[in-house]
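What follows is a short report on a single structure.
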Amino acid sequence: MVGCTRQSDCPLFERFVVSGSANIWRLLYCDKEEKFKTCARYEAGINGRTVPVNLLPNGQLLRSMRLGADDVC
């Protein structure tokens, strides 16, 4: 099984306070062989768009995050 090739460089998981939340996203998107291609972060990145750090894999924005000037990937 092959997961997302961008997973190791994705800063989203460093921002979660509760690691269990990150693991749910990882299980649903990042670690699945073809599912990662439906991740909004992956799609934006491969299409050359800026990926906000608070963009969740399902395309929703996580509102409770404080963002700095460098918080994009």
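Starting from residues that are over 14 Å from P11 (Cα atoms) and among the hydrophobic types (A, V, I, L, M, F, W, C), keep the ones in segment 27-38 and report whichever is modelled with the lowest pLDDT.
Residue satisfying both the conditions and the ranking: L27.
Quick one: C10 ticks every box in (1) out of contact with any Pro (no Cβ under 8 Å at 6 or more places or on another chain); (2) surrounded by fewer than 16 Cβ atoms within 10 Å (Cβ to Cβ); (3) at pLDDT below 85 bar one, so which box is it?
Only one criterion in (1) out of contact with any Pro (no Cβ under 8 Å at 6 or more places or on another chain); (2) surrounded by fewer than 16 Cβ atoms within 10 Å (Cβ to Cβ); (3) at pLDDT below 85 is unmet by C10, namely (2).
The values are calculated or read from the model by the stated rules, or taken from the named source; none is laboratory data. Quick caveat: nothing in here was measured; it's all calculated off a predicted structure. All Cβ positions, glycine included, derive from the backbone under ideal geometry; neighbour counts span all protein chains shown.
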